[in-house]
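This report refers to the structure that appears directly beneath it.
The values are calculated or read from the model by the stated rules, or taken from the named source; none is laboratory data. On a predicted model such as this, the values are computed, not experimentally measured, just so you know. Note that we place each Cβ from the backbone using ideal geometry, even for glycine, and neighbour counts take in every protein chain shown. Only protein heavy atoms, including side chains, enter the accessible area calculation; ligands, DNA and RNA are left aside. Shrake-Rupley method; radii C 1.70, N 1.55, O 1.52, S 1.80 Å.
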Amino acid sequence: MKVLVINAGSSSLKYQLRDVTAGSALYEGVIEKIGQPGGEAADHTQALDLAARRLKAAVGSESEESEESAELPFEAVGHRVVHGGERFGEPVLIDEENLPAIEQLSPLAPLHNPANVLGIRAIAQRWPDLPQVAVFDTAFHRTLPEHAWRYPIPDELYQQHGIRRYGFHGTSHEYVSRRAAEFLDIPLDRFRGIIAHLGNGASVTAIRDGQSVDTSMGFTPLEGLVMGTRSGDVDPSILVFLGQQGYSAEEIDALLNRRSGLLALAGSNDMREVEAATEAGDERAIAALTLSSYRLAKYIGAYHIAVGGAEALVFTAGLGENSPVYRKLVADRLQALGIRLDEQLNLERSKQPRVISTPDSSIPLLVIPTDEERAIAEATAGLIATS
Ligand code: AMP
């Protein structure tokens, strides 16, 4: 089965055609600056048309028919949807009832869910009979116990506004924990581990018996680790204080979501640039990596407790998979847990799951490449096969 995986952002649309049976990506692309000057598409419908034309040109049939009637090179569409709220704990086949429910979650993810819905509607308009599946970034964290999901604030805030911890990057955390358990030959439902998904957005998840029992992102993807442009954890009183100083809600949001993190500390949110700067002796860059790796190591220590003793620590995503420098900074802080990095293995480059710790390390350190598109394609195909 072939599935088109769509990741629609407010002004971009990423797409990847997957062969689910072969487990491979056949074609991928991105359309940026949707609706913006110099962009290739005025809206998400146009962006999808453009994506479909490119897909057909690359892998489609030789049909001479018009574009609308020519056969599509895929049988279903899987969408990455950021927020599933409390309602969606599993992928769903999209219908007229649940699409408005996804839309109603927009206040919880104002940048993402409206764009996801636009992508779904654009496809429904063009190809009404094509099955579409929504795979939610929050869903894997449905198993968080109350002591991990609840904030210690008045209950009315949860009841009236849904203010609680949801967690994100779930598709990646689920996929990587499954791969880690396979790699270690441990049954998934007995696997205890810590997954550090370190990309431009970053989160760490505590896995107990194969389930998410804690995760560093909360009500929104701002909580937790230091990220490319996001602050991660700060004292909430800072926001109140800034409000009293005359900063608007939008300004505070932009400060914490787009102007903080590595960008604020080191002047760049691209880890490659920050690493190069540390090698050139740039003190800001060195301090930035020290601070962010220190905070990640503290989470790992805490999650070791949360899972009752982890059997593995896994690095994944852009930075987790590709930055030996950052992995070493983190691992060196974990020596109190008996964790020992093998510096040689850490430097090797590979797209395969692998161990980067020494044989006498208390638990293995692993690098396991994530593949959210693959996970979304498999979930989509699985749901269609059973419905
Ligand atoms: P992602 O969001 O998963 O695509 O990850 C993006 C992050 O990974 C950015 O901070 C990149 O700078 C970082 N990254 C990607 N490749 C490398 C690399 N070879 N070395 C260091 N960091 C990298």
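Please report the carbon-and-sulfur percent of the accessible area for the chain; probe 1.4 Å, protein heavy atoms only, DNA, RNA and ligands left out. Before the final figure, lay out the partial values.
Details: 9210 of 18250 Å².
Of the solvent-accessible surface of the chain, carbon and sulfur hold 50 percent.
Put a dot 7 Å past each Cα toward the Cβ at Ile305 and Ser248; how far apart are the dots in nm?
Output for this residue pair reads 4.2 nm.
Heads up, I need the accessible area for Val135: 1.4 angstrom probe, whole protein in place, Å², nearest 10.
10 Å²
Could you compute the FRET efficiency for Leu130 and Gln36, with r as their C-beta to C-beta distance and R0 at 22 Å, rounded to 0.05?
Values: r = 28 Å, r/R0 = 1.25.
With a Förster radius of 22 Å, E is 0.20.
Please work out the average accessible area per residue across the chain, using the 1.4 Å probe convention, and give it in Å².
47 Å²
Given axes a ≥ b ≥ c from the Cα gyration tensor, I'd like to know whether region 228-316 is rounded (a/c under 1.5), prolate (a/b larger than b/c) or oblate.
Details: a/c = 2.63, a/b = 1.23, b/c = 2.14.
Note, shape of region 228-316 comes out oblate.
So how strong a dipole does region 172-235 carry about its Cα centre when Lys and Arg Cβ are +1 and Asp and Glu Cβ are -1, to the nearest 20 debye?
The dipole of region 172-235 has a size of about 140 debye.
Compute the acute angle (0 to 90°) between the alpha-carbon long axis of helix 170-184 and the principal axis of greatest extent of the alpha-carbon atoms of the chain; round to the nearest 10°.
Helix 170-184 and the main axis of the chain meet at about 60 degrees.
With springs connecting C-alpha atoms under 10 Å apart, model the chain as a Gaussian network and identify which of Gly170, Gly243, Gly89 has the largest mean-square fluctuation.
Gly243
About the Cα centre of region 8-149, what is the dipole size in debye to 20, counting +1 per Lys and Arg Cβ and -1 per Asp and Glu Cβ, all else neutral? Present the calculation step by step, with values, prior to reporting the outcome.
Values: 11 positive and 22 negative charges, 111 e Å.
For region 8-149, the charge dipole is close to 540 debye.
Which percentage, to the nearest 5, of the DSSP beta bridges contained in the chain is antiparallel?
Values: 29 of 46 bridges.
Percentage antiparallel, nearest 5: 65.
So, by mean Cβ neighbours within 10 angstrom, what's the order for 348-358, 261-271, 145-155 with the highest one leading?
My ranking of the peptides, most packed first, is 261-271, 348-358, 145-155.
I need the shape label for region 254-387. Rule: rounded when a/c is under 1.5, else prolate if a/b > b/c, else oblate, with a, b, c from the alpha carbon gyration tensor.
Working: a/c = 1.73, a/b = 1.23, b/c = 1.40.
Oblate shape, in that a/c is at least 1.5 and b/c is the bigger or equal ratio.
Using +1 on the beta carbon of Lys and Arg, -1 on that of Asp and Glu, and nothing else charged, what's the dipole of the chain about the Cα centre, debye to 20?
Numbers: 35 positive and 53 negative charges, 203 e Å.
Magnitude of the dipole: close to 980 debye.
Would you mind checking the tilt of helix 372-386 against the longest principal axis of the Cα atoms of the chain, expressed as 0 to 90 degrees and rounded to 10?
Once rounded, the angle reads 50 degrees.
Starting from the 7 Å offset along Cα-to-Cβ, what nm value, one decimal, do you get for the label separation of Asp189 and Tyr294?
According to this spin-label approximation, the distance is 4.3 nm.
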